[in-house]
Amino acid sequence: MKIALIGYGKMGKMIEQIALSRGHEIVSIIDIDNQQDFESEAFASADVAIEFTNPTAAYDNYLRAFKHNVKVVSGSTGWMKEHGQDVRDLCDNGGQTLFWASNFSIGVAIFSAVNRYLAHIMDEFPQYDVRMEETHHVHKLDHPSGTAITLAEDIIDNVDRVKKWEAILDNPETSEVPETPEPGTMPITSFRRGEVPGIHSIIYNSEADQITITHDAHSRKGFALGAVLAAEYTAKHSGLLTISDMFKF
């Protein structure tokens, strides 16, 4: 399979290594300093482009790839609120293909399935309040993480008493205590520490006890492998795709 890489930071370089080890060919690498290569024959020859950039660049990158009918696998977050419907229309009615996931880790896919099942159970036990905590490296710009938002939306879909989520950014430089969330609101507290790849915890707490499930990424390798697996899947499928299409849990 011919792969183009959009974004060549730590994740892009790891995706390159894994793709090559699985017998794929990298035909184009586009980063901030060679945006003109979107118009190159090499980029247009790709079966799939794997995009890991940032929320402000992702949507334009999709459009540039779609211009050449190149399928896209993307892990960029933060663009969906403003451009989600446009991308859906392009995939549903415009013949384009995007595989998007807030997290490509196989472990997170399993964790997400457990989260949905646990939320379904906890809907019957209103004595438990639910909250979430997520920790990432200090370079991560958005908060809460896209993965946390996806997990939260699954909880809202399954727990009737939870109507919305609220973002709280922990600031280690102050001693301020976050306000108690209003009823029906699930707080998501975001921590930014060192080079942490990603930790997500969902906590159900009552006066009697507490139930916690956690996914703790040891490195970016799991995300990179998942992205390459998604590219292999995307090469054979069309439309707006996500992890639930690839993994039938």
Per-residue ³J(HN,Hα) for the range 68-84, Karplus 6.51 cos²θ - 1.76 cosθ + 1.60, θ = phi - 60°, Hz, x for Gly and Pro: 9, 6, 8, 5, 10, 10, 9, x, 6, 10, x, 9, 5, 4, 8, 10, x
Radius of gyration, Dmax [the range 58-109; alpha carbons; angstrom]: 11.2, 34
Accessible area of the range 1-72 belonging to carbon and sulfur atoms, whole % at 1.4 Å probe: 49
Simple label model, 7 Å out from Cα along Cβ direction - residue 39 to residue 10, nm: 3.5
Most fluctuating residue given options 167, 152, 208, as computed from a GNM of the chain linking Cα atoms under 10 Å: 208
Sequence-separation-based contact order of the chain, relative, with Cα cut under 8 Å and 6+ spacing, percent: 23
Rounded accessible area per residue of the range 62-107, 1.4 Å, Å²: 46
Percent of beta bridges antiparallel (DSSP, the chain, rounded to nearest 5): 35
Area of residue 71 that stays accessible when all protein chains are in place (1.4 Å probe, Å², to 10): 40
Using alpha-carbon coordinates, inclination of helix 55-66 to the longest axis of the chain, degrees: 40
The range 48-187: radius of gyration over Cα atoms, expressed as a fraction of 2.2 N^0.38 Å: 1.21
Potential lengthening between residue 138 and residue 213 on full extension [0.36 nm per residue; Cα-Cα distance subtracted]: 24.7 nm
Whole-Å distance, taken between Cα centres, linking the range 45-122 and the range 193-249: 14
Range of Cα positions in the chain per principal axis (Å), largest first: 62, 39, 33
Listed residue pairs exceeding 32 Å between alpha carbons, taken from 163/236; 2/163; 164/236; 10/81; 140/248: 163/236; 2/163; 164/236
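The values are calculated or read from the model by the stated rules, or taken from the named source; none is laboratory data. Everything numeric in this text was worked out from a predicted model, so none of it was measured. Every residue, glycine as well, gets a Cβ built from its backbone with ideal geometry; the counts of neighbours run over all protein chains shown. Calculation scope for accessible area: heavy atoms of the full protein, side chains included, ligands and nucleic acids excluded. Shrake-Rupley method; radii C 1.70, N 1.55, O 1.52, S 1.80 Å.
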